[in-house]
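Note sheet for the following structure.
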Amino acid sequence: MIQRLRRLSFSAKLLAAFVVIIALTTLAGYLFINLSVDRAFTEFSTGRDSQQDRSTFNIFRMLYMQVGSMDAVLESLVQAESDLPAVIVNDSGLVVFSPDLRSVQVGQRLDSDLIEQGISFTAEDQSWTYMPIRFLVGLELEEGYLRRSRRSLWLAGLAAGLAAIALSFVLIRQLTNPLRKLDRASRQVAAGKFDERVDIVSSDEIGRLAISFNEMAASLETSEQVKRRMIADISHELRTPITAVRTALESLRDGLMEPTQATLSALHDKILLTTRLVQDLHQLALADSGRLSMHPRPCSIEDLFETILETIGVQIEDEGITLVRGIDQNLPDVEVDAQRIEQVLLNLLANAIRHTPAGGSILVRAERGDKNVQVSICNSGSSLSDVDLSHVFDRFYRADEARSGDDTGAGLGLSIAKALVEAHGGQIWAENAPDSGACFAFTLPISS
């Protein structure tokens, strides 16, 4: 039984629950109303009949007092064919008068329990019982009324129950239609069709669930597109150096190219490029999974800059770029992994050098915030578009499409910088400089 119930649809289970509740409610209502009607009618009829019985008994007693003889009273009742609503029973339990000889005959002996319901009186030194005829022939009218009442109650309860079930069915259909749409859409999404959406318009819980589902599907669709684009970008970035290395090796093997120092250096550079791309992807994968190893300790931002400038300062001078420092004095130490933040600074400076024209400048600033230190690297030159600002930290994204074919990088530097900053509990963002150029800023927590 339980297994069959589990196999039912949600609509069927809900309808069955409504039917059971309606049936139980209707039955309980019928029993309560029937009991109340029976009790009220019994109290009414008993009170009324008791009063009528007492009135007719008083008339019978007055007749006896006028005549003075029980036999004479009974004889006069018989001769007058009286319809007195009672039978007269003597002390032996025998009926001595009956207005309806077909139902109760004279000389019939009545049960003592039945006689006790009558009105006892004494006449001519004998005990008599005035027995209302209703106790003997039954309450046909009253029983008929009660039967009709019960039948009416059953019909009314049945009609109300059927109407309630029909209304419940309509309401359940209205309730489960959105759920069926969500079920169909979720099956499509599970099958990989992330463009599936549901068109449920309501402000209740199901409507909010539909909104959340559409947002989830949109996020999955975006993630799928990003994944496919990333795979295509990775394939492209790896294919270029690998193809160059393969072509060179085949030429060396076939004797078409001499193994000169320049050739070997070029092959080595391609291998280094491929290795750097694989390492960057591995680092991003570790950051995404939360398994990036971190060794934070108190560090000085100014010391970190000095370390980076020792590496990249010569390139800045060779490019004809002016480096301007704006580091506040007495900055507190930050709690960071020095090597990771050095990589962030190196990536941001390399990006600034790449997009700063000759004769331009790069401004490096560091200032204290409420609970952090804010670092910004701004370069002169062209500003970023709104599209670039919203996607500049995306993997393999390059604001300058014309440079997508050179060897300046695979478009992972800013993505790695973002991952490393967020791994430290900081934030990173991009914005355009007030005059021209772009600024990249990030925050780092102060050492406690």
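The values are calculated or read from the model by the stated rules, or taken from the named source; none is laboratory data. Just so you know, these numbers come straight off a predicted model, no measurement behind them. With ideal geometry, Cβ positions are generated from the backbone for all residues, glycine too; neighbour counts draw on all protein chains shown.
Tabulated values for the structure
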item: Whichever residue in segment 32-60 is of a type in the set (A, V, I, L, M, F, W, C) and surrounded by 12 or more Cβ atoms within 10 Å (Cβ to Cβ) and, among such residues, is modelled with the lowest pLDDT; result: PHE41
item: For MET257: the one exception among (1) of a type outside the set (Phe, Trp, Tyr); (2) modelled with pLDDT of 80 or more; (3) within 30 Å of PHE393 (Cβ to Cβ); (4) in contact with a helix residue (DSSP H, G or I) (Cβ under 6 Å, 6 or more places away or on another chain); result: (3)
item: Answer from GLY369, GLY381, GLY326 - the residue that is modelled with pLDDT of 90 or more and either on the phi > 0 side of the Ramachandran plot or loosely packed, with under 15 Cβ neighbours inside 10 Å (or both); result: GLY326
item: Some residue of segment 191-203 being within 17 Å of ALA12 (Cα to Cα) and not assigned by TED's automatic domain parsing to the domain that holds THR275; result: no
item: Hits in segment 331-365 (condition: of a type in the set (Gly, Ala, Ser), within 26 Å of SER293 (Cα to Cα) and more than 45 Å from the chain's Cα centre (by Cα)); result: ALA350
item: Criterion: in contact with a helix residue (DSSP H, G or I) (Cβ under 7 Å, 6 or more places away or on another chain), crowded, with 16+ Cβ neighbours inside 10 Å and either among the aromatic types (Phe, Trp, Tyr) or at pLDDT below 80 (or both) - qualifying residue of LEU146, LEU63; result: LEU146
item: Residue count, segment 384-401 (criterion: in a helix (DSSP H, G or I) and modelled with pLDDT of 80 or more); result: 6
item: Pairs where the first residue, in segment 306-323, is aliphatic (A, V, I, L, M) and the second is exposed (fewer than 15 other Cβ atoms within 10 Å of the Cβ) and not in a loop (DSSP other than H, G, I, E, B), C-beta under 8 Å, 6+ apart; result: LEU323/GLY313
item: Residue match in segment 427-441 (condition: in a loop (DSSP other than H, G, I, E, B), at pLDDT 85 or above and within 40 Å of the chain's Cα centre (by Cα)); result: yes
item: Residue check, SER404 modelled with pLDDT under 95 and over 28 Å from ARG229 (Cβ atoms); result: no
